[in-house]
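Undergrad: Would you mind keeping the following structure in view while I ask a few things?
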Amino acid sequence: MNFAIRELDRDEDFDPSSICVGVPFTQAGFYGDWQKSLGRTVKRFVVEKEGSPVAYFQVIKYPLLLGKNYLYIPYGPVTKDRSESFFNFLKQELKAITKKENAVFVRLDFTPKIENSILKKYFTKSPLCTYHSAYFQPRQEWFLGLKPTEAELIEAMHENTSYSIRTAEKREMISEIVTDDFEQYFEAFHELMTITATRNGFNLHQREYYEGVFHGLSKDNCFLSVARFGEKILVVDVFIVFGGVANYVFGCSSNEERKRMPAYSAQWKAIRHAKSIGCTDYNFGGIATDSKIYKGWEGLTSFKKKFGGYAVDHSDFFDVIANPFWYYLYSLRKLVKKWGL
């Protein structure tokens, strides 16, 4: 078939952007290094056809109960080959990698988006009950193009959003962009994350996870947007810049002073900063979908959409299964959890 797969050494180039535009930051080298700093196993691969790269991917290992684990390729593999021979080759190689890592399955998340009619010939469609996880990337994101002027961006927003931005300014909200010494804001961030999780009903990672995240932030491709009233920090938003896109990856806010619209102030400050450093797009992150798999995201989705913009769809999840018995138990547990049984 003229295909070959090769695991990349630490010093070898891992460059999905060389074969595809719009590669998400989850398939960037620094993201893999970040995951390693959190104690996870990360491996990077290239698939070549007649000596030329046609696909790249980095795979991350996550734990399951009873000492089991699974592999996940976040928004990957990144590929420019959609031939049947490629997908057949990839399936066999991924199964071998999964068995070697003693994993139950590997989850695929192709970039660019590939239609189900193609993927279902070679891979197992993931059960919808397994989609919603702290570790799996969302199926739809909300983007805002940054080519218009600031005045044009304001004009295109929902009237309630532009009103809230003006209100924040009138009510003495101060927002600032932080581009280094991120860890000085960690305590405020974690306190606000705890408040936000309680308010919105979602679970947090362990504190050590977020400490690792902040430790891994780099002034080369990260920034914070921090909103204050007086000396009180009310919002901390975390962004990663990659491929001309400013990605909103974490956001948290206080229950205090909400009438001053601090969340709108912080977002607008971040949008303006992203535009000023040459970003072409601003990624608000995941939103609720018609399938209702992201229950509880409706309010946040409405907030994001009112800034204007457009939806970006990703491929559905597909799996390569190495251990059918444990895969069945994993899916059953997710189903039971979903229905609260």
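The values are calculated or read from the model by the stated rules, or taken from the named source; none is laboratory data. Predicted model only: the values in this text are computed from it and were never measured. Glycine gets a Cβ as well: all are built from the backbone with ideal geometry, and neighbour counts include every protein chain shown.
Conditions tested, residue by residue: (1) within 28 Å of Phe303 (Cβ to Cβ); (2) of a type in the set (A, V, I, L, M); (3) modelled with pLDDT under 95.
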position	(1), (2), (3)
Val104	no, yes, no
Thr111	yes, no, no
Glu150	yes, no, no
Leu153	yes, yes, no
Ser164	yes, no, no
Tyr185	yes, no, no
Gly201	yes, no, yes
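Undergrad: So Ser162 clears everything in (1) within 16 Å of Lys304 (Cβ to Cβ); (2) in contact (Cβ under 8 Å) with a residue 12 or more places away in the chain except one condition, right? Which one?
TA: The number of the failed condition is (2).
Undergrad: Only one of (1) under 24 Å from Arg107 (Cβ atoms); (2) among the hydroxyl-bearing types (Ser, Thr, Tyr); (3) free of Cβ contacts under 8 Å to residues at least 40 places away in the same chain is not met by Ser315, so which one is it?
TA: (3)
Undergrad: Determine the pairs where a residue that is in contact (Cβ under 8 Å) with a residue 24 or more places away in the chain, located within the stretch 30-44, has a partner that is aromatic (Phe, Trp, Tyr) and surrounded by 14 or more Cβ atoms within 10 Å (Cβ to Cβ) with Cβ atoms under 9 Å apart, the partner being 6 or more residues away or on another chain.
TA: Phe30/Phe242; Tyr31/Phe25; Tyr31/Phe242; Gly32/Phe14; Arg44/Phe14; Arg44/Tyr56; Arg44/Phe57
Undergrad: Listed residues His190, His215; which is touching a residue at least 12 places away in the same chain (Cβ under 8 Å), under 24 Å from Tyr264 (Cβ atoms) and either part of a helix (DSSP H, G or I) or in the same structural domain as Ala28 (by TED's automatic domain parsing) (or both)?
TA: Exactly one residue qualifies, and that residue is His190.
Undergrad: Please enumerate the residues belonging to the stretch 130-158 that are exposed (fewer than 15 other Cβ atoms within 10 Å of the Cβ), more than 13 Å from the chain's Cα centre (by Cα) and assigned to a loop (DSSP other than H, G, I, E, B).
TA: Matches in the stretch 130-158: Lys147, Pro148, Thr149, His158.
Undergrad: Looking at the stretch 258-275, is at least one residue outside any helix (DSSP H, G or I), touching a residue at least 24 places away in the same chain (Cβ under 8 Å) and surrounded by 15 or more Cβ atoms within 10 Å (Cβ to Cβ)?
TA: Yes, there is a match, as at least one residue in the stretch 258-275 is outside any helix (DSSP H, G or I), touching a residue at least 24 places away in the same chain (Cβ under 8 Å) and surrounded by 15 or more Cβ atoms within 10 Å (Cβ to Cβ).
Undergrad: Please determine whether any residue of the stretch 226-233 is part of a strand (DSSP E or B), within 18 Å of Phe25 (Cβ to Cβ), of a type in the set (Gly, Ala, Ser) and modelled with pLDDT of 95 or more.
TA: Looking through the stretch 226-233, none of the residues is part of a strand (DSSP E or B), within 18 Å of Phe25 (Cβ to Cβ), of a type in the set (Gly, Ala, Ser) and modelled with pLDDT of 95 or more.
Undergrad: Modelled with pLDDT under 95 and within 24 Å of Thr280 (Cβ to Cβ): is that true of Ser175 in this structure?
TA: No: the conditions fail for Ser175.
Undergrad: I need the full set of residues from the stretch 276-296 which are among the aromatic types (Phe, Trp, Tyr) and either crowded, with 20+ Cβ neighbours inside 10 Å or in contact with a Gly (Cβ under 6 Å, 6 or more places away or on another chain) (or both), in order please.
TA: Tyr282, Phe284
Undergrad: Scan the stretch 281-312 residue by residue and report those that are acidic (Asp, Glu) and modelled with pLDDT under 95.
TA: The answer is Asp290, Glu298.
Undergrad: Also, I was wondering about something else. Residues being among the polar types (S, T, N, Q) and surrounded by 19 or more Cβ atoms within 10 Å (Cβ to Cβ): count how many of those fall in the stretch 30-60.
TA: Going through the stretch 30-60 one residue at a time, the tally reaches 2.
Undergrad: Scan the helices (runs of 4 or more DSSP H) fully inside the stretch 1-120 and keep the ones with 2 or more residues being within 22 Å of Lys334 (Cβ to Cβ).
TA: So the answer is 84-100, 116-119.
Undergrad: Kindly indicate whether any position in the stretch 312-334 is basic (Lys, Arg) and assigned by TED's automatic domain parsing to the domain that holds Glu150.
TA: The answer is no; no qualifying residue exists.
Undergrad: Right, here's the next one. For the stretch 116-154, enumerate the residues that are free of Cβ contacts under 8 Å to residues at least 12 places away in the same chain and outside the structural domain of Ser276 (by TED's automatic domain parsing).
TA: Answer for the stretch 116-154, where residues must be free of Cβ contacts under 8 Å to residues at least 12 places away in the same chain and outside the structural domain of Ser276 (by TED's automatic domain parsing): Ser117, Ser133.
Undergrad: For residues that are part of a strand (DSSP E or B) and among the charged types (D, E, K, R), scanning just the stretch 292-341, find the one that is farthest from the chain's Cα centre (by Cα).
TA: Asp319
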